[in-house]
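Visitor: My questions all concern the structure below.
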Amino acid sequence: MESRVLSRATAFASVPSLRKSPRQPGAVSFVSALRPIGTVSEGGNLIWGRQLRPALLLEASPPSSRKEILKPCLAAAAEGGDSAGEAKVGFIQKYPALVTGFFFFMWYFLNVIFNILNKKIYNYFPYPYFVSVIHLGVGVIYCLISWAVGLPKRAPMDSNQLKLLIPVAVCHAIGHVTSNVSFAAVAVSFTHTIKALEPFFNASASQFVLGQSIPLSLWLSLLPVVLGVSMASLTELSFNWLGFISAMISNISFTYRSIYSKKAMTDMDSTNLYAYISIIALFVCIPPALIVEGPQLLKHGFADAIAKVGLVKFVTDLFWVGLFYHLYNQLATNTLERVAPLTHAVGNVLKRVFVIGFSIVVFGNKISTQTGIGTAIAIAGVAIYSYLKAKIEEDKRQAKAA
């Protein structure tokens with residue numbers, strides 16, 4: 001094969017003979033001087049698909065030709081360094097706080113839309129078990145399509161990971177169904193007020209399940225939360241025991257889901273993690289829906305809904321509520337991956353403030369003065385708890401660093 005010389009003939013003429021010579025101590029071999037293919041502007045010569053290092057050319061080149069070889073090399077190095085730096089530092093790495101803020105905003109926005117649309121469906125189709133299946137079913141279809149196009153690439157699943165995900169999915173399914181039962185039974189604002197007790201259940205699980213010591217100050221900060229929820233419950237106009245107990249069960253289920261999710265997230269990215277959780281949870285939710293609501297749906301449930309709003313609106317409402325449900329949970333999982341669990345818990349509380357406010361405005365729910373005061377006390381108590389816990393965690397990190 002003929003060698004191709006892609007630089008000046010004068011530079012090539014100055015290259016020493018390439019015949020193999022006896023190896024001497026300290027000598028640089030010709031093979032070690034080769035590196036992968038580059039461009040002529042980098043200051044080297046391409047010979048047989050390889051590039052000679054400029055050092056070899058400089059050793060045998062006259063001083064007049066060295067400048068000609070060095071100039072393009074330095075220029076290319078400078079340009080390459082700038083472009084490499086720009087490639088390495090992208091928008092996400094440069095502005096992590098903005099990206100995290102965007103995740104929180106989309107999480108809140110999608111959650112508010114979901115809650116509003118979900119409650120509107122229950123006003124003419126009060127079947128929370130079936131609607132829960134639709135939520136998960138639309139999400140699973142979304143995940144399968146995403147995997148099919150490679151956005152994201154499906155993570156492999158083995159038996160060990162499946163054992164980690166099954167408890168998460170079961171807790172997710174129970175919490176999801178009981179939340180929807182509560183949403184269908186009482187006002188959205190009241191359900192979210194009860195679910196503000198989630199930090200209390202998290203602290204209880206940490207103390208009595210995980211064996212972590214919870215300081216007395218944190219327990220005391222939870223008293224306003226319990227008091228506020230109790231005040232709101234006593235005077236809530238839409239109160240009933242089904243909605244209250246269902247929301248409490250949901251709190252317990254989601255507490256355990258958070259504990260198991262953080263463990264499972266170590267071996268899989270959050271998008272694939274939630275996709276597998278949704279698939280497993282769907283299979284968990286289908287049997288109760290068929291047993292509890294199946295006969296009623298076939299008898300008059302579907303017919304009544306279609307008669308009220310029409311087939312097209314009924315189907316499109318179910319599709320959109322399922323899509324918004326999956327997307328807001330996906331964003332919540334992605335946000336959990338980006339921040340500490342405590343920050344995520346605080347964000348979850350603020351999300352409830354948004355949902356409660358929007359639901360009161362949209363649905364015109366009438367609340368008593370005591371209910372409003374109780375809700376405010378509960379939210380304030382959660383904020384105090386979150387602040388104290390953050391301070392304790394920061395003190396621990398500083399102590400370890402010291």
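Visitor: Mind checking whether some residue in segment 381-397 is surrounded by 15 or more Cβ atoms within 10 Å (Cβ to Cβ), in contact with a helix residue (DSSP H, G or I) (Cβ under 6 Å, 6 or more places away or on another chain), modelled with pLDDT of 80 or more and of a type in the set (S, T, N, Q)?
Guide: No: segment 381-397 contains no residue that is surrounded by 15 or more Cβ atoms within 10 Å (Cβ to Cβ), in contact with a helix residue (DSSP H, G or I) (Cβ under 6 Å, 6 or more places away or on another chain), modelled with pLDDT of 80 or more and of a type in the set (S, T, N, Q).
Visitor: Taking segment 350-366, which residues are at pLDDT below 80 and either in contact with a His (Cβ under 7 Å, 6 or more places away or on another chain) or crowded, with 21+ Cβ neighbours inside 10 Å (or both)?
Guide: Passing the criteria: only Arg352.
Visitor: Okay, moving on. Tell me, please, whether a residue that is assigned to a helix (DSSP H, G or I), within 24 Å of Cys143 (Cβ to Cβ) and either touching a helix residue (DSSP H, G or I) at 6+ places or on another chain (Cβ under 6 Å) or not small (Gly, Ala, Ser) (or both) can be found in segment 360-372.
Guide: No, segment 360-372 contains no residue that is assigned to a helix (DSSP H, G or I), within 24 Å of Cys143 (Cβ to Cβ) and either touching a helix residue (DSSP H, G or I) at 6+ places or on another chain (Cβ under 6 Å) or not small (Gly, Ala, Ser) (or both).
Visitor: For segment 335-349, give me each residue that is of a type outside the set (D, E, K, R) and either in contact with an Asp or Glu (Cβ under 9 Å, 6 or more places away or on another chain) or at pLDDT 85 or above (or both).
Guide: Taking segment 335-349 and keeping what is of a type outside the set (D, E, K, R), we get 335-336, 339-349.
Hits for segment 335-349 are Ala340, Leu342, Ala345, Asn348, Val349.
Visitor: When the residues of segment 235-249 are filtered to those that are touching a residue at least 40 places away in the same chain (Cβ under 8 Å) and exposed (fewer than 15 other Cβ atoms within 10 Å of the Cβ), which remaining residue is nearest to the chain's Cα centre (by Cα)? Please lay out each step first, then the result.
Guide: Within segment 235-249, the first condition is being touching a residue at least 40 places away in the same chain (Cβ under 8 Å), and the residues that meet it are 235-240, 242-244, 246-249.
Now narrow it down to the ones that are exposed (fewer than 15 other Cβ atoms within 10 Å of the Cβ): 237, 240, 242.
Values: Leu237: 36, Asn240: 34, Leu242: 32 Å.
Filtering first and then ranking leaves Leu242.
Visitor: Note down all Cβ pairs under 6 Å where the first residue falls in segment 358-370 and is hydroxyl-bearing (Ser, Thr, Tyr), the second is in a helix (DSSP H, G or I), and they're at least six residues apart or on different chains.
Guide: Going by the 6 Å Cβ cut-off, the qualifying pairs are Ser359/Val188; Ser359/Ser189; Ser368/Thr235.
Visitor: Give the residue that is surrounded by the most Cβ atoms within 10 Å (Cβ to Cβ), with candidates limited to residues of segment 130-150 that are in a helix (DSSP H, G or I) and without any contact (Cβ under 8 Å) to a residue 40 or more places away in the chain.
Guide: Ile141
Visitor: Also: Could you look through segment 189-238, keep only residues that are modelled with pLDDT of 85 or more and among the β-branched types (Val, Ile, Thr), and pick out the one that is farthest from Lys396 (Cα to Cα)?
Guide: Thr191
Visitor: Give the residues of segment 279-314 that are closer than 19 Å to Pro126 by Cβ and surrounded by fewer than 12 Cβ atoms within 10 Å (Cβ to Cβ), sorted by residue number.
Guide: Scanning segment 279-314 gives Ile291, Pro295, Leu298, Lys299, His300, Ala303, Gly310, Leu311.
The values are calculated or read from the model by the stated rules, or taken from the named source; none is laboratory data. These figures come from a predicted structure and were not determined experimentally. Cβ sites come from the backbone with ideal geometry, for glycine too, and all protein chains shown count toward neighbours.
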